[in-house]
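Here the structure is laid out as structure tokens; the discussion comes afterwards.
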Amino acid sequence: MNFPEAKPAQSFDFKSIIYVKDGHRATVTMNRPDVLNCLNFPTLCELLAAFEDVSWDDTIRVMVLTGAGDRAFCTGADLKEQNEFCLDNPKGYWKWMGKFIEVHEKLRNIGKVTVARLNGMVVGGGNEMNMSCDLAIAADDIIIKQVGAARGSVAAAGATQWLPLIVGDRRAREILFLCEEIPVAKALDWGLVNQVVPRGQLDAAVDAMCTKLIDKLPECTRYAKQQVNYWRDMSWAQTIGHARDWLSIHNVSPEVREGTEAFVEKRPIDYAMLRGGS
């Protein structure tokens, strides 16, 4: 039987990500800086292919996930794409959400330690990408934020499942309900990141972390990761299928339409119209 084999990183014809292998380290960069590295369907497909290759490559011991530029790590779903192809189209959104779920499952179960290099805004689904990684190192000027309740969605693919495990129940509710920016010092205090460094030292800090991780026993590390994933896997497995269907149906609701159209039209959301009453 021929098992799947890893390929040279340069052999992939990626358009929305940059994939590099250097020794025992792989780096995957979401490369859409002009739209703050938000996730459209082609980007999700490319991320899935890169993560799968990392999982197959026995020479790789650690993977770094980051975003291009210095403004954003990732700002979640591409709302312009959602407005064009998913609004009023539950079948389309169901397919998009399926790929988003696959990306998270492959990232979480990649068999290697993963490090999020947080170089800018970490918003919505971008924070879920952060939390799918094992460790996170952040520049000292970034912010983290969930936006679902303010924008017309629910953070049901990672944030609602994992934030209570990472920061505790009350803090998770504060993050999810208020949708306010979390300064990086608070994110460190709450356990959303492992390390905060001045922006100019970010790459050196990531390099140092990767060097430490590479010099560990790979099979032992992989099994430790599998065991530590238990509670995340439990919460995810119990809720993600329901979330996919609920979000697909809810995507045609007035709340989602107003939130998405307000974003595309660059105007405030009319909360008064949606909440009813005076």
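The values are calculated or read from the model by the stated rules, or taken from the named source; none is laboratory data. As the structure is a prediction and not an experimental result, all values here were calculated from the model. Please note: Cβ atoms are built from the backbone with ideal geometry, for glycine as well, and neighbour counts cover all protein chains shown.
Residues being over 20 Å from the mean Cα position of the chain (by Cα) and either buried (at least 17 other Cβ atoms within 10 Å of the Cβ) or touching a residue at least 60 places away in the same chain (Cβ under 8 Å) (or both) are represented in the stretch 182-201 by at least one member. Residue selection: residue 213 satisfies the criterion of being surrounded by 14 or more Cβ atoms within 10 Å (Cβ to Cβ), assigned to a helix (DSSP H, G or I) and either of a type in the set (Gly, Ala, Ser) or over 18 Å from the mean Cα position of the chain (by Cα) (or both). In summary, residue 28 fulfils each of the numbered conditions (1) in a strand (DSSP E or B); (2) touching a residue at least 40 places away in the same chain (Cβ under 8 Å); (3) of a type in the set (Val, Ile, Thr) with the single exception of condition (2). Within the stretch 31-49, being assigned to a helix (DSSP H, G or I) and either at positive phi or of a type in the set (Phe, Trp, Tyr) (or both) holds for one residue alone: 41.
Of the residues making up the stretch 62-111, those that are crowded, with 16+ Cβ neighbours inside 10 Å, more than 22 Å from residue 263 (Cα to Cα) and polar (S, T, N, Q) number 1. Of 159, 150, 155, all but one fail to be over 17 Å from the mean Cα position of the chain (by Cα), under 30 Å from residue 97 (Cβ atoms) and modelled with pLDDT under 95; the exception is 150. All of (1) polar (S, T, N, Q); (2) farther than 13 Å from residue 251 by Cβ; (3) touching a residue at least 60 places away in the same chain (Cβ under 8 Å); (4) out of contact with any Ser or Thr (no Cβ under 7 Å at 6 or more places or on another chain) hold for residue 119 with one exception: (4). When residue 162 is tested against (1) touching a residue at least 60 places away in the same chain (Cβ under 8 Å); (2) of a type outside the set (Ser, Thr, Tyr); (3) under 27 Å from residue 267 (Cβ atoms), exactly one condition is not met: (3).
For the stretch 154-161, indicate whether the set of residues that are touching a strand residue (DSSP E or B) at 6+ places or on another chain (Cβ under 9 Å) and either buried (at least 24 other Cβ atoms within 10 Å of the Cβ) or within 25 Å of residue 249 (Cα to Cα) (or both) is non-empty. Walk me through it before giving the result.
Restricting attention to the stretch 154-161, the residues satisfying the condition of being touching a strand residue (DSSP E or B) at 6+ places or on another chain (Cβ under 9 Å) are none.
Checking the stretch 154-161: not a single residue is touching a strand residue (DSSP E or B) at 6+ places or on another chain (Cβ under 9 Å) and either buried (at least 24 other Cβ atoms within 10 Å of the Cβ) or within 25 Å of residue 249 (Cα to Cα) (or both).
Residue 75: of a type in the set (Ser, Thr, Tyr) and under 19 Å from residue 157 (Cα atoms), yes or no? It is true that residue 75 is of a type in the set (Ser, Thr, Tyr) and under 19 Å from residue 157 (Cα atoms). Somewhere in the stretch 231-251, is a residue aliphatic (A, V, I, L, M) and over 25 Å from residue 151 (Cβ atoms)? Scanning the stretch 231-251, I find at least one residue that is aliphatic (A, V, I, L, M) and over 25 Å from residue 151 (Cβ atoms), so the answer is yes. Residue 249 fulfils the conditions (1) surrounded by fewer than 14 Cβ atoms within 10 Å (Cβ to Cβ); (2) closer than 30 Å to residue 104 by Cα; (3) without any contact (Cβ under 8 Å) to a residue 60 or more places away in the chain except for a single criterion, (3).
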